[in-house]
Amino acid sequence: MEPLKRRPLVVVQAEPEPSAAPVVPVSRSLCFGRAVGHHGEVFQGVVRDSQGRLHRALSSLPCPGLRSEATFHVGSGKGIVVYPAWKKKARYAAQLALEWAGRTDVGGYLEVSSDIPPGWGLGSSTSDVTAALRAVFSSLELQVEDRVVARLAVKAETACDSSIFDQSAVLFAHREGEVLEEFGGPMPECEVLGFNTDEEGDGVDTLEFSPARYGAQEIDTFAELIVLLRRAIREQDVRLLGQVSSTCARINQAYLPKPHFEQLEAVVERVGSVGLQVAHSGTVVGLLFDPRDAEMNSRLERAREELARLGFSKTWRFSTTQVEPLRFED
């Protein structure tokens with residue numbers, strides 16, 4: 001994958017902002033951090049480690065066309081000012097980064113921009129937090145491993161996404177900040193037709209959302225799905241990936257149901273999609289397609305028509321390897 005290029009971003013605002021940005025502290029340096037979003041999960045559940053301990057874990061579906069960017073001006077005094085002011089998780093993350101580095105003697109001004117709608121399940125909070133952490137570490141001229149960034153991100157927002165590890169697929173304990181398994185390669189490339197099942201676009205407040213309480217049979221199923229996911233990544237088999245994501249999406253119906261789910265499963269069958277994937281703590285859904293399929297474009301168009309009949313007329317299309325901005329107007 002080509003390295004991400006910095007580009008102007010649109011700030012997604014959750015509430016009205018002041019007419020002008022706060023005064024910037026006296027700056028000794030200005031540094032930049034960036035993080036990509038995702039499009040929900042291909043796997044989310046509970047898994048056992050080699051000692052038999054249970055962990056909540058996930059693997060996110062990459063969406064590098066979504067991202068957050070942060071700049072951090074190191075100030076001469078303590079305390080951190082963030083703009084927009086409602087990006088409180090990013091501000092707390094910047095504070096945690098300074099504490100981790102032993103630099104509680106300084107503060108600064110943090111500015112965050114993003115093109116990721118909050119509450120949809122696209123990783124907006126994790127991207128903001130990760131970008132903020134990286135910006136602070138850059139300002140301190142520190143090279144910090146992603147595993148450290150992940151642990152700090154969990155402290156900043158209770159749970160975070162595996163999109164922090166954007167170079168390789170991982171099984172990530174999202175409430176512990178620990179990588180349970182590195183799969184040794186990227187997710188298989190797939191074309192995605194996405195849409196939001198929430199007509200109002202309000203999304204889900206992840207802090208208010210209670211984690212699923214899976215039963216023993218579901219946990220056994222998750223163990224089988226991890227075997228399939230491991231193979232899908234090793235063989236770069238998008239159809240196996242679709243099988244994993246579809247099964248996880250159906251299990252999720254008991255905990256955060258998506259409307260018209262049975263009809264969506266039928267659409268997958270009729271148009272020849274390789275699978276269905278959902279945001280397990282959000283409102284977006286994606287139909288997965290094999291980019292090597294000669295009939296992919298016609299399958300996508302038929303899927304758009306089917307979705308419109310179900311009331312999902314606003315869709316978007318992207319590849320899991322594209323770095324161009326994802327637009328939601330499609």
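The values are calculated or read from the model by the stated rules, or taken from the named source; none is laboratory data. Everything numeric in this text was worked out from a predicted model, so none of it was measured. Quick reminder, even Gly has a Cβ in these numbers, built from the backbone with ideal geometry, and neighbours come from all protein chains shown.
Overview of results
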quantity	calculated
Of residues in the range 68-112 being under 22 Å from THR283 (Cα atoms) and in contact (Cβ under 8 Å) with a residue 60 or more places away in the chain, the one nearest to the chain's Cα centre (by Cα)	SER68
Residues within the range 290-321 that are under 21 Å from LEU66 (Cβ atoms), not in a helix (DSSP H, G or I) and not aromatic (Phe, Trp, Tyr), tallied	7
Output for the range 28-61, where each listed residue is of a type in the set (S, T, N, Q) and either assigned to a loop (DSSP other than H, G, I, E, B) or surrounded by 20 or more Cβ atoms within 10 Å (Cβ to Cβ) (or both)	GLN44, SER50, GLN51, SER59, SER60
Yes/no for GLY184 being buried (at least 20 other Cβ atoms within 10 Å of the Cβ), at pLDDT below 95 and either charged (D, E, K, R) or assigned to a loop (DSSP other than H, G, I, E, B) (or both)	no
Options GLY108, GLY121; residue that is surrounded by 24 or more Cβ atoms within 10 Å (Cβ to Cβ), closer than 20 Å to GLY65 by Cα and not aromatic (Phe, Trp, Tyr)	GLY121
Which numbered condition SER168 fails, given (1) without any contact (Cβ under 8 Å) to a residue 24 or more places away in the chain; (2) surrounded by 23 or more Cβ atoms within 10 Å (Cβ to Cβ); (3) in contact with an Asp or Glu (Cβ under 9 Å, 6 or more places away or on another chain)	(2)
Of residues in the range 278-303 being under 13 Å from the mean Cα position of the chain (by Cα) and among the polar types (S, T, N, Q), the one farthest from SER210 (Cα to Cα)	THR283
Among the candidates ALA159, ALA173, residue that is surrounded by 19 or more Cβ atoms within 10 Å (Cβ to Cβ) and at pLDDT below 95	ALA159
The range 303-325, residues that are surrounded by 16 or more Cβ atoms within 10 Å (Cβ to Cβ) and under 13 Å from VAL268 (Cα atoms)	ALA303, ARG304, GLU306, LEU307
Lone unmet requirement of (1) closer than 30 Å to GLU145 by Cα; (2) at pLDDT 90 or above; (3) surrounded by fewer than 18 Cβ atoms within 10 Å (Cβ to Cβ); (4) charged (D, E, K, R) for ASP205	(2)
Check on GLU182, touching a strand residue (DSSP E or B) at 6+ places or on another chain (Cβ under 6 Å) and of a type in the set (D, E, K, R)	yes
Test result for ALA90, assigned to a helix (DSSP H, G or I) and either under 30 Å from THR321 (Cβ atoms) or touching a Cys at 6+ places or on another chain (Cβ under 8 Å) (or both)	yes
Given (1) modelled with pLDDT under 95; (2) more than 28 Å from ARG53 (Cβ to Cβ), index of the condition ALA132 fails	(1)
Residue within the range 259-266 that is under 20 Å from LEU122 (Cβ atoms) and part of a helix (DSSP H, G or I) present	yes
Filter result (more than 25 Å from PHE289 (Cβ to Cβ) and not hydroxyl-bearing (Ser, Thr, Tyr)) within the range 223-258	ALA223, ALA254
Selection status of LEU66, of a type in the set (A, V, I, L, M), within 21 Å of THR320 (Cα to Cα) and in contact with a Cys (Cβ under 8 Å, 6 or more places away or on another chain)	no
Total residues in the range 124-140, condition surrounded by fewer than 24 Cβ atoms within 10 Å (Cβ to Cβ) and out of contact with any strand residue (DSSP E or B) (no Cβ under 7 Å at 6 or more places or on another chain)	2
Test: residue in the range 204-211 that is free of Cβ contacts under 8 Å to residues at least 24 places away in the same chain and either touching a Pro at 6+ places or on another chain (Cβ under 6 Å) or not β-branched (Val, Ile, Thr) (or both)	yes
Complete set of residues in the range 208-239 that are outside any loop (DSSP other than H, G, I, E, B), over 21 Å from the mean Cα position of the chain (by Cα), within 29 Å of LEU307 (Cβ to Cβ) and not polar (S, T, N, Q)	GLU218, LEU228, ARG239
